[in-house]
Structure formats: C-alpha cells, structure tokens
1. For helix 9-68, report the angle its Cα long axis makes with the longest principal axis of the Cα atoms of the chain; keep it between 0 and 90° and round to the nearest 10°.
2. Which whole-angstrom value gives the distance between the alpha carbon centres of segment 37-71 and segment 1-30?
3. Please report, in cubic angstrom per residue, the volume enclosed by the convex hull of the alpha-carbon atoms of segment 7-68.
C-alpha cells in the first residue's frame, strides 16, 4: 500500500504569508539602511568641512597675532 503525500492549502497559505512578510521586512530594512547611510555620509562631510574651517580660522588667527605683535609674544 503506497502512502500519499499531500500538501494542505493552509500550509501553502502560511508559507506565502511568511514569504511576503519576510520580503516586506527586507525592503523596509533596505530603505532604513539607505537613509542611515545618507545621514552618516552627510555627517562625515560636515565634520570634514568643519575641521578644514577650524584649521583655516586657526591660521588666520595666528597670522593676525603675528601682524599685531612682531616679536611673536
């Protein structure tokens, strides 16, 4: 006597629902990742610009001090 293997419709529905939820969550995570990556790169650029501006201002201050006091005190 051969046994029949059958797949219930409920099992297929559960599998499809789990698959769709998983795909939806992956799409959501990808969008969050892109948003955070953009924020991170913007922050890195801003920090780099601030550092350059700080070095420039420091140089100007040094030049101003040297012009004001030729002895370098």
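1. On a 0 to 90 degree scale, this one is about 0.
2. Centre-to-centre (Cα) distance: 58 Å.
3. On the way: hull volume 2.6 nm³, N = 62.
Value for segment 7-68: 42 Å³ per residue.
FYI, it's all coordinate maths here, none of it is from the lab. Since we're looking at a predicted model, the values are computed, not measured.
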